[in-house]
1. If G67 satisfies all but one of (1) modelled with pLDDT under 95; (2) over 20 Å from the mean Cα position of the chain (by Cα), what's the number of the condition it fails?
2. Restricting attention to segment 47-64, and to residues there that are more than 18 Å from the chain's Cα centre (by Cα) and touching a residue at least 60 places away in the same chain (Cβ under 8 Å), which single residue is farthest from the ligand (Cβ to nearest atom)?
3. Please note which helices (runs of 4 or more DSSP H) are completely contained in segment 194-305 and include at least 2 residues that are open to solvent by 100 Å² or more (accessible area, probe 1.4 Å) and at pLDDT 95 or above.
4. Kindly provide the set of residues from segment 145-169 that are more than 27 Å from Y258 (Cβ to Cβ) and either away from the ligand (no atom under 14 Å from the Cβ) or without any contact (Cβ under 8 Å) to a residue 12 or more places away in the chain (or both), ordered by number.
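The values are calculated or read from the model by the stated rules, or taken from the named source; none is laboratory data. These numbers were taken from a predicted model, which means no experiment stands behind them. Every residue, glycine as well, gets a Cβ built from its backbone with ideal geometry; the counts of neighbours run over all protein chains shown. Ligands, DNA and RNA are excluded from the accessible area calculation, which covers all protein heavy atoms including side chains. Shrake-Rupley method; radii C 1.70, N 1.55, O 1.52, S 1.80 Å.
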Amino acid sequence: MAASRGVASFRLPPLPTIGEIIKLFKLRAEKQLSQNFLLDLRLTDKIVRSAGSLKDAYVCEVGPGPGGITRAILNAGVAELLLVEKDPRFIPGLQMLSDAAPGKVRIVHGDILTYQLDKTFPKHLEKNWGDDPPDIHIIGNLPFSVSTPLIIKWLENISRRDGPFRYGRIQMTLTFQKEVGEVDVAVIHFTPLVQPQIEQPFKLVEKVVQSVFQFRRKYCHQGVRILFPEARRLEKAEQMLMLADVDPTLRPTQLSMYHFKNLCDVYRKMCDEDPDLFVYNYRHELREKRLKKANFKRTVDDDLI
Ligand code: SAM
């Protein structure tokens, strides 16, 4: 019982189960939209508990679907709950939940990748960045194809303290598939730090991390190499790894925050010395090479006709 956890004074009245709601509104999970629904109440409760105390908090749930996690959030005694759901099929079922918790739930039919969440936040909950996190939480079980670009967007917002993070260090509890296509799901709770561990612009950190993880099962030097144009790739990658104190034969997943911080700091210095370096893009170089090769082949074929 929630009361024994000592957090909730509100309980939803008896409602149809999530399974019954799915049947009632014919909410078949669309596999091509990577929809899968959490029906196990112990699991939805566990996800919500990992967000910490939600008593009297303002919560935004992204992608509520048929509302399994939504019920657990309401039972945790929140003050207000905003639901952002893209698929209109779920709105009537969510409306039923909203009617069962009068004055608490607001439903938005929209896309979380473009919706401006912070417009809905109560002004009085705003905190300074150095303060404790505000009583605003974001919770969601989204498809991998949405949660990944979303968290990257929010990490950039965190680095600039804008978007939802204008309100302070908002905590997020999101689920991620451990590997694309795997069924195992990890629940990750994020609290933005007051001081970033890597004091470099977000785009630079993103470029270094993305490049290193480009070949996630290979030695990390493979990924570091693609930060540099082909002509001086080997020499520059070796220099960067040495200055950053990183063993080139470590795998990307074996690198620590210390390593990434050093890699970013050294890459920043190299970019400051060579202003063309930061705009260099390995994929563009590869695409141009392929295009040149294709054009060359077409010219040769034309000549042979
Ligand atoms: N949260 C529910 C659960 O755990 O049972 C549903 C999970 S299902 C994996 C993902 C949900 O996110 C679906 O309801 C889907 O329609 C919704 N969704 C997908 N992309 C979205 C987006 N860009 N904005 C808002 N909702 C989205």
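1. (1)
2. In this case the residue turns out to be D56.
3. Values: elements: 202-212, 220-225, 233-243, 257-273, 282-304.
So the answer is 202-212, 233-243, 257-273.
4. Once the filter is applied, which keeps residues that are more than 27 Å from Y258 (Cβ to Cβ) and either away from the ligand (no atom under 14 Å from the Cβ) or without any contact (Cβ under 8 Å) to a residue 12 or more places away in the chain (or both), segment 145-169 yields D162, G163, P164, R166, Y167, G168.
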